[in-house]
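See below for the structure under consideration.
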Amino acid sequence: MLTKVYGSAVFGVEATTIVVEVNIDKGIGYHLVGLPDNAIKESNYRIAAALQNNGYKIPGKKITINMAPADLRKEGSAYDLTLAIGILAASNQIKSENIEKYIIMGELSLDGGLQPIKGALPIAIKAQEEGFTGFMLPTANAKEAAIVGDLKVYGIDNIKQVIDFFDKGTPLEQTIIDTREEFYKNLDFPEFDFSDVKGQESIKRCMEIAAAGGHNVILIGPPGAGKTMLAKRLPSILPPMTLHEALETTKIHSVVGKIKNMGLMSQRPFRSPHHTISDVALVGGGSYPQPGEISLSHNGVLFLDELPEFKRGVLEVLRQPLEDREVTISRARFTVTYPSSFMLVASMNPSPGGYFNDPDAPVTSSPAEMQRYLSKISGPLLDRIDIHIEVTPVPFEKLSEERKGEGSVEIRKRVTSAREIQTLRFSELENVHYNAQMNTKQIRSYCKLDEKSKSLLKNAMERLNLSARAYDRILKVARTIADLGGDTNLNGDHISEAIQYRSLDREGWLG
Ligand SMILES: Nc1ncnc2c1ncn2[C@@H]1O[C@H](COP(=O)(O)OP(=O)(O)OP(=O)(O)O)[C@@H](O)[C@H]1O
Ligand SMILES: [Mg+2]
């Protein structure tokens with residue numbers, strides 16, 4: 001007898017429905033065709049044990065299973081449940097009415113329990129588009145799939161539940177979440193809040209500007225100055241994610257199976273990979289291309305702590321996605337694209353020993369060591385960082401003060417208004433939404449200077465020996481400073497402040 005059951009394969013952030021045809025005939029054998037990988041080929045051992053332990057079996061006949069479309073490579077262990085139910089139905093051990101109305105997926109344990117799968121959200125979206133009634137999947141992934149409104153999602157703990165549902169009509173409990181309600185409920189409670197940061201008013205101002213214009217930042221300071229603490233709080237002052245952004249970000253996290261018992265992600269992601277990370281783990285890749293850290297940071301913040309410690313090659317591969325805001329990974333048979341629109345926050349100690357120009361420093365570095373350390377970050381990557389800021393530790397008295405600093409929710413209000421001005425400014429442009437994205441031509445038209453500010457900038461550039469590349473960045477940041485103040489035209493104050501945020505362009509650093 002021939003039975004059809006349905007699963008799904010995820011490529012990039014999109015799913016494709018997979019038809020699993022199971023045919024049982026006289027004879028003996030177990031044939032699995034249609035480009036399954038090794039994990040799927042091994043599934044018969046898990047399926048056999050899981051069925052046995054629940055009072056069923058793989059029949060001793062000739063079983064042929066075809067996974068279609070045949071030219072699409074299927075991978076992973078998530079088809080265990082699909083195949084098991086298909087075998088039971090094809091061998092008449094269970095009734096198979098309505099079986100084709102569901103996507104059924106999950107990795108089986110030997111006792112019939114279910115292990116989580118990857119990509120539940122994209123699969124659910126596709127299932128709904130294609131008119132399936134429901135999606136049966138491991139309980140751990142049920143909330144994530146239930147974001148999709150018009151699809152019945154059933155979290156399954158053991159294969160027996162699915163068997164009884166089809167065979168005896170035992171109802172399954174539907175997972176229902178109110179996506180909107182959950183999304184808005186969590187918006188105003190950032191995990192890390194700027195009110196925890198004592199003092200550091202000027203650095204907080206700088207972070208506000210970075211957030212307002214979407215500018216990449218590098219924080220330079222000795223150990224313990226609070227660089228990590230500040231970076232972690234940046235997502236909390238970025239404008240709240242829109243529902244659409246939240247969905248995009250959640251999809252990517254779903255693809256790598258990183259969503260644990262959660263529905264929609266309502267907070268912008270903050271990712272902080274260690275400096276030993278490989279380039280594949282950072283930008284994505286592998287034989288079945290998985291998203292990397294840059295895509296997991298999509299719509300949020302990627303924090304590269306101790307930037308000069310990263311391998312040079314790893315930093316090189318960041319350049320393209322920083323520019324394109326997405327990364328494309330090509331393989332012989334297919335190409336996938338993952339979005340990767342993130343804000344880059346980097347940190348570094350001012351020298352390999354941690355200190356710079358500090359007579360009391362516990363360690364000192366020779367000029368040659370300094371040069372080697374700094375040379376790693378020069379060039380093209382630094383070219384994409386608009387704001388450099390030196391962080392000095394707050395004195396002990398400040399740290400022990402009771403008074404709380406301004407909270408993230410307040411700061412975010414100003415950031416959001418500045419963003420609204422930018423959205424309006426760039427409404428005609430397709431790929432530009434905030435100041436940091438302006439190209440040279442757009443800078444010329446949106447950052448016009450009067451004669452006075454022009455000469456101020458010229459003098460400062462000569463006096464501080466700022467490089468030419470600093471020029472455009474200063475104008476962009478000045479534009480954001482003006483937007484935060486609600487000023488239409490750029491003036492000398494905006495320019496002077498923006499000039500302060502180019503530490504690394506000054507002589508003595510990378511010069
Ligand atoms: N302004 C501050 N307000 C409150 N706590 C602070 C402040 N600055 C530093 N701290 C405290 O000091 C600790 C160390 O800060 P953090 O780890 O952010 O420093 P860092 O600059 O990243 O140092 P490293 O170079 O060692 O990574 C923080 O966990 C925090 O408790
Ligand atoms: Mg740190």
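The values are calculated or read from the model by the stated rules, or taken from the named source; none is laboratory data. All values derive from a computational prediction rather than experimental measurement. Glycine gets a Cβ as well: all are built from the backbone with ideal geometry, and neighbour counts include every protein chain shown. Accessible surface areas use protein heavy atoms only, side chains included; no ligands, DNA or RNA. Shrake-Rupley method; radii C 1.70, N 1.55, O 1.52, S 1.80 Å.
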### Summary
Log entry, pairs with first residue in the range 286-305 being outside any strand (DSSP E or B), second being buried (at least 21 other Cβ atoms within 10 Å of the Cβ) and basic (K, R), beta carbons closer than 6 Å, six or more apart or on different chains, reads N299/R268; G300/R268
### Residues located in the range 194-203, provided they are open to solvent by 10 Å² or more (accessible area, probe 1.4 Å) and in a helix (DSSP H, G or I)
S195, D196, E201, S202
### Task
Would you point out the residue of the range 95-116, among those that are aliphatic (A, V, I, L, M) and open to solvent by 10 Å² or more (accessible area, probe 1.4 Å), that is nearest to D167 (Cα to Cα)?
L114
### Message
Condition (residue is farther than 22 Å from G134 by Cα, open to solvent by 10 Å² or more (accessible area, probe 1.4 Å), of a type outside the set (V, I, T) and in a helix (DSSP H, G or I)) applied to the range 160-179: is it met by at least one residue?
### Response
no
#### Entry: Top-ranked residue in the range 381-400 [being open to solvent by 70 Å² or more (accessible area, probe 1.4 Å) and more than 11 Å from ligand 1 (Cβ to nearest atom); ranked as nearest to R473 (Cα to Cα)]
E390
### Query
Restricting attention to the range 71-105, which residues are within 31 Å of the chain's Cα centre (by Cα) and part of a loop (DSSP other than H, G, I, E, B)?
D71, L72, R73, E75, G76, S77, A78, Y79, M105
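Test of understanding: among A332, A346, A368, which residue is of a type in the set (A, V, I, L, M, F, W, C) and either in a strand (DSSP E or B) or modelled with pLDDT of 80 or more (or both)?
When all the criteria are applied, what remains is A346.
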### Query
How many residues are modelled with pLDDT under 90 and either at positive phi or within 8 Å of ligand 2 (Cβ to nearest atom) (or both) if we restrict to the range 222-237?
2
#### Entry: Residue tally, condition β-branched (V, I, T) and either open to solvent by less than 20 Å² (accessible area, probe 1.4 Å) or assigned to a helix (DSSP H, G or I) (or both), over the range 25-57
2
### Message
I need the full set of residues from the range 270-289 which are surrounded by fewer than 19 Cβ atoms within 10 Å (Cβ to Cβ), more than 12 Å from the chain's Cα centre (by Cα) and on the phi < 0 side of the Ramachandran plot, in order please.
### Response
H274, H275, T276, I277, S278, D279, V280, A281, S287, Y288
### Message
The conditions are (1) touching a strand residue (DSSP E or B) at 6+ places or on another chain (Cβ under 6 Å); (2) more than 16 Å from ligand 2 (Cβ to nearest atom), and A246 fails exactly one of them. Which is it?
### Response
(1)
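Restricting to the range 297-344, name every residue that is hydroxyl-bearing (S, T, Y) and open to solvent by 20 Å² or more (accessible area, probe 1.4 Å).
Start the filter on the range 297-344 by keeping residues that are hydroxyl-bearing (S, T, Y), which leaves 297, 328, 330, 335, 337-338, 340-341.
The answer is T328, S330, T335, T337, S341.
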### the range 371-380: number of residues that are open to solvent by less than 60 Å² (accessible area, probe 1.4 Å) and in a loop (DSSP other than H, G, I, E, B)
4
## Note on the structure
When restricted to S266, S278, the only residue among the polar types (S, T, N, Q) and more than 25 Å from T139 (Cα to Cα) is S278
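What are the residues in the range 207-218 that are within 16 Å of ligand 1 (Cβ to nearest atom) and either at pLDDT below 95 or among the β-branched types (V, I, T) (or both), if any?
Across the range 207-218, the qualifying residues are V217, I218.
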### Task
Just one of (1) at pLDDT 90 or above; (2) over 21 Å from E326 (Cβ atoms); (3) assigned to a loop (DSSP other than H, G, I, E, B); (4) of a type in the set (A, V, I, L, M) trips up I277, so point out which.
(2)
### Query
Are any residues in the range 205-215 more than 16 Å from ligand 2 (Cβ to nearest atom), buried (at least 18 other Cβ atoms within 10 Å of the Cβ) and assigned to a helix (DSSP H, G or I), and if so, which ones?
C206, E208, I209, A210, A211, A212, G213
### Query
So is L302 within 16 Å of ligand 2 (Cβ to nearest atom), of a type outside the set (D, E) and closer than 29 Å to E430 by Cβ or not?
yes
### Failed item, numbered, when R403 is tested on (1) surrounded by 12 or more Cβ atoms within 10 Å (Cβ to Cβ); (2) modelled with pLDDT under 90; (3) part of a loop (DSSP other than H, G, I, E, B)
(1)
### Query
Conditions: (1) touching a residue at least 60 places away in the same chain (Cβ under 8 Å); (2) part of a helix (DSSP H, G or I); (3) out of contact with any Lys or Arg (no Cβ under 6 Å at 6 or more places or on another chain); (4) acidic (D, E). E191 meets all but one. Number of the miss?
(2)
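Yes/no per residue for (1) open to solvent by 70 Å² or more (accessible area, probe 1.4 Å); (2) modelled with pLDDT under 90; (3) part of a helix (DSSP H, G or I); (4) under 17 Å from M438 (Cα atoms):
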position: S453; (1), (2), (3), (4): no, no, yes, no
position: E462; (1), (2), (3), (4): yes, yes, yes, no
position: R473; (1), (2), (3), (4): no, no, yes, yes
position: A478; (1), (2), (3), (4): no, no, yes, yes
### Summary
When the range 216-263 is checked residue by residue, the ones that are in contact with a helix residue (DSSP H, G or I) (Cβ under 7 Å, 6 or more places away or on another chain), open to solvent by less than 20 Å² (accessible area, probe 1.4 Å), part of a helix (DSSP H, G or I) and not small (G, A, S) are L230, L234, I237, T250, I252, H253, V255
